[in-house]
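Asker: Okay, here's the structure, questions in a sec.
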Amino acid sequence: MIDDPHGPLYSVVCTDTNPYGTWQTEFLEHTWLRAHMPGELLRLVGTPKGERLPRHHTARVVRTAATNTHELLDHDYTGMNRLHSLAEWLENERPVGTVLILDCDFAFRAPLTKRAKPGRPIGQLWYDFTWTGHWGELAEEISPGVGPVQAVTWPLVIHTSDLRRIIDRWIVVTAQIRARSGAWESDMIALPIVLAERGLVCDLEMLAAWMPWPDEVVGDAPIIHYCQPVLDRAGNTLWYKQRYTPWEPTGVTSADVALAYCVELLAMFDRYAAIRRRADSL
């Protein structure tokens, strides 16, 4: 380990054992390696019923007891899994360093090597989100008088000491927002509120291209977040993760794709899919 005043870099993705999360994490792992990311890639896997763990060539797979439940909720919410797993990992392994919080549907196009000092997290600028209307009212309801709330989301680069400061409250606020709004992005909405409560101000950067943000906005962001469909210039869907069968060719002609970074994403998918098909045929 290279001596680093901020400690090692942990790239962390949290899932359950659903195969849908597994193939995305395998692709994430491939791009993480190709980008020559430093540090360690971890997949925290919630297995509350002792489910069999998935296997990875490079990523270290960590079993957690995380569930999609919370006492404030009368239903499952998959966003709880990430937070329960992070809390358990912090408690059990006591890591010291920088945590890069990822989603499994992320792909690295370049290394993201930033380290976070205690008290100075670095967060993804939430380009198309504002704390007005319903969300501003909900933030005030949950945390009256909370102080300026940033438009920040993940990937989030945060020191382990700060993640420990926010994780328990992040869990509670996520459950409160989910119970009040039913929003699929409740954990995303909760994060900026909790950071503001703890007085943690993020350096906001364009760390990831969240589809379908424009090319001129995302620039050379090192990560692509393929959360939404790949579109053509007329707004029609050309490819979408929810309809994809791994590891088939995407079948998309690059000239039809509206956004340049989406062309790059599909090229990465087709390259890795070809590698997997060749390996499976041996």
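Asker: Using a Cα-Cα cut-off of under 25 Å, which lysines could be cross-linked to residue 49, ignoring same-chain neighbours fewer than 8 residues away?
Answerer: Within the straight-line cut-off, residue 49 pairs with nothing.
Asker: For the chain, what does the helix formula give at 222 nm: sum of -39500 (n - 2.57) over DSSP H segments with n ≥ 4, over the residue count, nearest 500 deg cm²/dmol?
Answerer: Helix contribution divided over all residues of the chain: -11500 deg cm²/dmol.
Asker: How long are the three semi-axes of the equivalent ellipsoid of region 57-180, in whole Å, if each is the root of 5 times an eigenvalue of the C-alpha gyration tensor, listed from largest down?
Answerer: Values for region 57-180, descending: 24, 20, 15 Å.
Asker: Let me ask something else. Top mean-square fluctuation among 116, 179, 208, Gaussian network model of the chain, C-alpha springs under 10 Å?
Answerer: 179
Asker: If you don't mind, another one. Show log10 I(q)/I(0) for region 98-160 at q = 0.14, 0.24, 0.28 Å⁻¹, two decimals, from a solvent-free Debye sum over equal Cα scatterers.
Answerer: Here the Debye-derived log intensity ratios amount to -0.54, -1.06, -1.17.
Asker: Quantify how much of the Cα-Cα distance distribution of the chain extends past 31 Å, in percent.
Answerer: 27 percent
Asker: Looking only at trypsin sites (Lys or Arg not before Pro) in DSSP loops with at most 16 other Cβ atoms within 10 Å, what is the longest site-free stretch of the chain?
Answerer: Maximal segment without exposed cleavage sites: 115-197.
Asker: Still on this structure: Rounded to the nearest 10 degrees, what's the angle between the helix 260-281 long axis and the longest principal axis of the chain, both from Cα atoms, 0 to 90?
Answerer: 70 degrees
Asker: HN-Hα J couplings of region 30-40 from phi, Karplus 6.51/-1.76/1.60, θ = phi - 60°, integer Hz, Gly and Pro as x?
Answerer: Ordered by residue, 3J(HN,Hα) equals 4, 6, 4, 5, 5, 7, 6, 5, x, x, 10 Hz.
Asker: Sticking with this one: If you filter region 35-110 for GluC sites (Glu not before Pro), then keep DSSP loop positions with at most 12 other Cβ within 10 Å, what is left?
Answerer: The qualifying sites are 71.
Asker: If you don't mind, there's one more thing I want to ask. Please list 3J(HN,Hα) in residue order for region 154-165, calculated via the Karplus relation 6.51 cos²θ - 1.76 cosθ + 1.60 where θ = phi - 60°; whole Hz, with x for glycine and proline.
Answerer: 9, x, 10, 10, 9, 6, 4, 5, 6, 4, 5, 5
Asker: Let me know the Kirkwood hydrodynamic radius for region 1-122, please, with Cα pairs as the basis and the value in Å to one decimal.
Answerer: After inverting the mean inverse Cα-Cα distance, the result is 15.1 Å.
Bear in mind that the values in this text are calculations on the coordinates, not laboratory data. Source: prediction; values computed, not measured. Quick reminder, even Gly has a Cβ in these numbers, built from the backbone with ideal geometry, and neighbours come from all protein chains shown.
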